[in-house]
Amino acid sequence: MNIETKYFGELAINEEKIVTFPQGVPGFVEEKHFVLLPLEKDSVFHVLQSTQNPDPAFIVVNPYHFVRDYAFDLDDNTVELLEIASEKDVLIFSIVSLKDPFEESTVNLQAPVVINQTKQKGKQYITNLKQYSTKEMLFNQQLTSQVKED
């Protein structure tokens, strides 16, 4: 299947890689089908690209690359909605807000994107945890030093 993307132009994608967001994505409830594309080869950044339109296309990153102790619990409704049987099924991403300069970019740790990679179902999950914000500095000195220790 061919789709028009925001960052890569027209791309052929494998339909089996399409992730369905049954409830859409906050702010884009009509957008229910996305594909995860690497931003660059061997990059920690990906694009969560709508298969229906070039926008929305979210830059996302695995938050555990930047915040070692990042943790939250999914509620039972989300586990059921995404048909999660095991933690091994789950991929977690956080949406990045790119800034200029790049070092000023932020990441949303308050509302991670949860994907069941086995069932290809996803949801942006609002945690409401006070220790995380929607605009955490991606390259926070403390977080960056933790990344370098890995």
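Computed from the coordinates by the stated procedures, all read-outs in this text should not be read as laboratory data. Quick caveat: nothing in here was measured; it's all calculated off a predicted structure. Positions of Cβ are generated from backbone atoms using ideal geometry, with glycine treated the same way; all protein chains shown enter the neighbour counts.
Result for the chain in a Gaussian network model with C-alpha springs under 10 Å: among 89, 100, 55, the largest mean-square fluctuation is at 100. What the Cβ-Cβ distance of residue 133 and residue 62 gives, at R0 = 25 Å and to the nearest 0.05, is a FRET efficiency of 0.85.
Considering every alpha-carbon pair of the chain, the percent of pairs per 5 Å bin, from zero through the bin containing the longest distance, is 2, 9, 18, 22, 22, 15, 9, 3, 0. Here the Debye sum runs over all C-alpha atoms of segment 19-101 as equal scatterers in vacuum, and log10 of I(q)/I(0) at q = 0.11, 0.13, 0.21, 0.23 Å⁻¹ comes out as -0.35, -0.49, -1.23, -1.36. Separation of segment 44-64 and segment 87-117, taken as the distance between their Cα centroids, equals 9 angstrom. Where in the chain lies the longest segment free of GluC sites (Glu not before Pro) that are both loop residues by DSSP (not H, G, I, E, B) and have at most 13 other Cβ atoms within 10 Å? After excluding every exposed loop site, the longest remaining stretch is 84-150.
Result for the chain in a Gaussian network model with C-alpha springs under 10 Å: among 124, 110, 52, the largest mean-square fluctuation is at 52.
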